[in-house]
Amino acid sequence: MSFFRTRKELNLFYLNYLLFKFKKVKKNKIYLVKNKNVSHQLKNNNHTVGDTIEPPMAFEVLTDTYSENSLISGIIGKIATKTNTPFEKTDSEQLDKILENLDIENIVINLLVYGNCYLERLKTLNGQKTLEFEEIITETVKLSKKDGIFLNQKGKNDLKGVDFEENDILFFKRNSLVSKKYGDSLFANSVNEIILLTYITKYFKKFFSNGNINPTILFDENKELDDEQMSKIESLINDKISGIENSNSTIIIQGKMGKIDLSTIFDPEKYISLKRELKEDIAIDMNIPFDLLSSESSNRATSQTAMEALYSNIIIPLQDRLVSQLKKQFLKWFRDEKGNECWNGISEENILKISFLDINLKNPKDEMETLVGYLKNGVLSVNEVREKALLGEAIEDGDDYRIISGNSITSKEEEEEIEKIKNNIKDMYLGNK
């Protein structure tokens, strides 16, 4: 059955449909209007409960994993401390103050533990000026799919919680292979190895607190024990055998006692070897130099190389990601809906200048030896060395004074070539090229 009574009505409907799809312009020419591309993929693959989008891994699990393992908390603490370098000046006093008040160390800890970090944007009463950002405890928040709501924060006994719109939140997110909404924790792929490390630590603790005794059942070979006798034996074990203070002690009891060992003889070497293997697996997964995790002694060169690798692989990329996300969100807030500036004294040019100060990866001792070598060979002047070594103000005639060796006899051409090489070294070292 047709909805159109005549062919004319059908043609008219079809013409209106074409006019909807195409755009008429001058000289009766018709041009195709490109429809906005629409993605057909899933918006996200996170589990949702009501209006709440659940993270791939419960924040409580990540909190426990971080707090119960000194290795992980130590790694993340080191990364956070090294990442917390000052920002470059942006030529905006207000923006510089906002950046200075950001707790980068705390942001990095949350970002690495949970994969995400959220800060509340505190504004003036009229909403036209951002004053500062206050941390929101990551474990208490979940993303929301409710219209107009970006984040919901709830306490343990709070059923409703507090809602935040997207413009109220400054947020940072790590990459993720499993979620578009949440980032992955730094140790998301090595949780099992970390739990095993925690178990080994707890096993050692239990073994020593039990007086270095393997799990054992004691029984009286002569008769069955009543509840009172069993209670006395338990008290005897707790008072005279268990506990680090009773380790390796000797006691004498009456009667004939039997013993059943519930485990093999404790071999600490096996556990130590397993701990090392687990640490190596964790280091590989986190892209952390193993020398920074190992308790074994290493020479200065190895430690320096490991630290340089940490900066190159972790710190600098992390700082770049923080800056990128800061710029993206600040530029979004920089103008209101009409395109007017809404942050007094902050321009787009100021925001684009946001960056961390460059990190000097050179070892101070090696740096000084290099400077002395360049000074002795006449590559750098005294004042150039003093400036590079941060030794204070220049001295008189320091720009002209170079140490030049007179022990060798060279031709004019050789001297010119040597001078050319020195100048090239100087330019590369001082950053003039």
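Here, each number is a calculation from the coordinates, and none is a lab measurement. Everything quoted here is computed from the prediction, not taken from an experiment. Neighbour counts run over all protein chains shown; Cβ positions are idealised from the backbone, glycine included.
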Compute the distance in nm between two label points, each set 7 Å from the Cα along the Cα-to-Cβ direction, one at D239 and one at E134.
5.6 nm
Given a Förster distance of 56 Å, report the FRET efficiency between I284 and S347 from their Cβ-Cβ distance, rounded to the nearest 0.05.
0.80
From the cross-link list K332/K353; K173/K202; K78/K206, the entries with a Cα-Cα span beyond 23 Å are K173/K202; K78/K206
Nearest-0.05 FRET efficiency for S312 and N189 at R0 = 25 Å, using Cβ-Cβ distance, is 0.75
